[in-house]
1. Could you list, in sequence order, all residues of the range 149-177 that are surrounded by fewer than 23 Cβ atoms within 10 Å (Cβ to Cβ) and aliphatic (A, V, I, L, M)?
2. Using the structure shown, decide if I63 is among the hydrophobic types (A, V, I, L, M, F, W, C), closer than 16 Å to Y303 by Cβ, surrounded by 24 or more Cβ atoms within 10 Å (Cβ to Cβ) and under 20 Å from the mean Cα position of the chain (by Cα).
3. Please state which of the following conditions V162 fails to meet, knowing it meets all the rest: (1) under 16 Å from M355 (Cα atoms); (2) in contact with a Lys or Arg (Cβ under 9 Å, 6 or more places away or on another chain).
4. Step by step: first the residues of the range 50-60, then only those that are touching a helix residue (DSSP H, G or I) at 6+ places or on another chain (Cβ under 8 Å) and surrounded by 22 or more Cβ atoms within 10 Å (Cβ to Cβ), then the one that is farthest from T25 (Cα to Cα). Which residue is that?
5. Assuming I350 fulfils every condition listed in (1) in contact with a Gly (Cβ under 9 Å, 6 or more places away or on another chain); (2) surrounded by fewer than 21 Cβ atoms within 10 Å (Cβ to Cβ) apart from one, which condition is it?
6. Which pairs have Cβ atoms under 8 Å, sit 6 or more apart or on different chains, and link a residue in the range 231-244 that is aliphatic (A, V, I, L, M) to one that is surrounded by 14 or more Cβ atoms within 10 Å (Cβ to Cβ) and modelled with pLDDT under 85?
Amino acid sequence: MISRFFELPQHQTTIRQEVIGGLTTFLTMAYIIIVNPSVLSETGMDQSALVVITCLVAGLSTILMGLVPKVPIAMAPGMGLNAFFAYSIVLGDGISWQIALGMVFWAGVLFLIMSVFGAREKIVAAIPTTLVTAISVGIGLFILFIGVKNMGLIVDHPAKLVTLGVFTPEVLIGLFGLFLTIALFLRGINAAILIGIVVATLLGFAFGLVNLPAAGMAFNLDISPVAFQLDIMGALEIGFIGTIFALFYTDLFDTIGTLMACSKEAGLVQKDGTIKKFKKMLGVDAIATLMSGVLGTSPTTSYIESGTGIAAGGRSGLTAVVTGLLFLLAIFFTPLIAIVPAYATAPALIMVGFMMVRQTAQIPWSDYEEAIPAILTFMLMPLSFSIATGLACGFLSWTIIKMMMGKFSEINWVMYIIAALSLVSLVV
């Protein structure tokens, strides 16, 4: 029954493979359970409630992604979006977190309206094929950069911006985990990424770098200090329209970029370039954003870490359902999850980055009109530490170059709108 519902034979996968994929995705993005509450609590929101809400929103939205479009893509409150929510909207502009949650709600409403009328699909259809490839490459570079940073292999530098880090025991264990993962992957072992995470964590424990938690389980499940506290009407003040738009824009292109990249890796892109079940995916994403505002967190978006589960063999919605159930289960086991160190999950991110960057071969390098915007797209994602910024620069540069060359017929009218929105986003 499970095999038939998730169409496992058609995806050439098995229940075991899907479970491994779901577990791998969960372990790779489980850091959000700790990081998201830490960021949002800066606004005065209750941190213990945020831990539960983060697990709840991630679990429910990911399960929905697995059951409706039936794709192996996980969701959770977005990194970058939570920083924008906390440090820019609340702390920067002095807006209460209740009103900020109302803004998240209205951004979700706008997403839902666009999804119902197919506007978001039109946006994706208007994006040139070269930029679609560049998006995947850029996100690959971005998460590869995050991976080496989390491992400690590179660190910040006041003059050079980044430099080689010190080879501490944590870095050495991370590198061992990386090369172990590479070796297992090259031998065709589907659970290579998961094994790498587990072995690196165990090595950290063996060398006294990972400590067992004082308690294995937590039962403080009170979400009332944050949940359902949003101020919907307060967010509709005329002065907040620009902020709602900024939330909407950033979430929109973060989501589109991630879905396009993961869909390509999961084999969901058809010969004509369209993505199977894309409208349903966007609909679930819209509902997830609405849910975020109501339950009390920053916008939920599709996670690029889903690529680790896909790389581990996940191909159907069962992978997402497994990931979602683990998030719900994690509500009770947050102390244990917290012991998995960043250097143990870093090899998974690096491996996914490797696999996504290989798509550079599909960029027409001899056609500078296409190649230059592609380069700007995939280079500025890691350099600006923002997927949305790379997208905006790529969209804008492609449109400007085509206009300057007088090739107006090659520009879809939707691209003019996207370019204009990109310009506004960069200026704001």
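1. Within the range 149-177, L153, I154, V155, A159, L161, V162, L164, V166, V171, L172, L175 qualify.
2. Criteria not met by I63.
3. Of the numbered conditions (1) under 16 Å from M355 (Cα atoms); (2) in contact with a Lys or Arg (Cβ under 9 Å, 6 or more places away or on another chain), the odd one out for V162 is (1).
4. Among those that are touching a helix residue (DSSP H, G or I) at 6+ places or on another chain (Cβ under 8 Å) and surrounded by 22 or more Cβ atoms within 10 Å (Cβ to Cβ), it is L50.
5. Going through (1) in contact with a Gly (Cβ under 9 Å, 6 or more places away or on another chain); (2) surrounded by fewer than 21 Cβ atoms within 10 Å (Cβ to Cβ) one by one, I350 breaks only (2).
6. Correct list of pairs: A235/I244.
Here's the yes/no breakdown for (1) in contact with an Asp or Glu (Cβ under 9 Å, 6 or more places away or on another chain); (2) crowded, with 21+ Cβ neighbours inside 10 Å:
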{"residue": "G317", "(1), (2)": "yes, yes"}
{"residue": "T345", "(1), (2)": "yes, yes"}
{"residue": "Q359", "(1), (2)": "no, no"}
{"residue": "Q362", "(1), (2)": "no, no"}
{"residue": "D367", "(1), (2)": "no, no"}
{"residue": "L380", "(1), (2)": "no, yes"}
{"residue": "G394", "(1), (2)": "no, yes"}
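Here's the yes/no breakdown for (1) of a type in the set (G, A, S); (2) part of a helix (DSSP H, G or I); (3) over 28 Å from H11 (Cβ atoms):
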{"site": "L184", "(1), (2), (3)": "no, yes, no"}
{"site": "G188", "(1), (2), (3)": "yes, no, no"}
{"site": "G208", "(1), (2), (3)": "yes, no, yes"}
{"site": "V226", "(1), (2), (3)": "no, no, yes"}
{"site": "A235", "(1), (2), (3)": "yes, yes, yes"}
{"site": "I241", "(1), (2), (3)": "no, yes, yes"}
{"site": "D254", "(1), (2), (3)": "no, yes, no"}
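The values are calculated or read from the model by the stated rules, or taken from the named source; none is laboratory data. Keep in mind that what you see is a predicted model, and the values were worked out from it rather than measured. Glycine also receives a Cβ, built like all others from the backbone with ideal geometry; neighbour counts cover every protein chain displayed.
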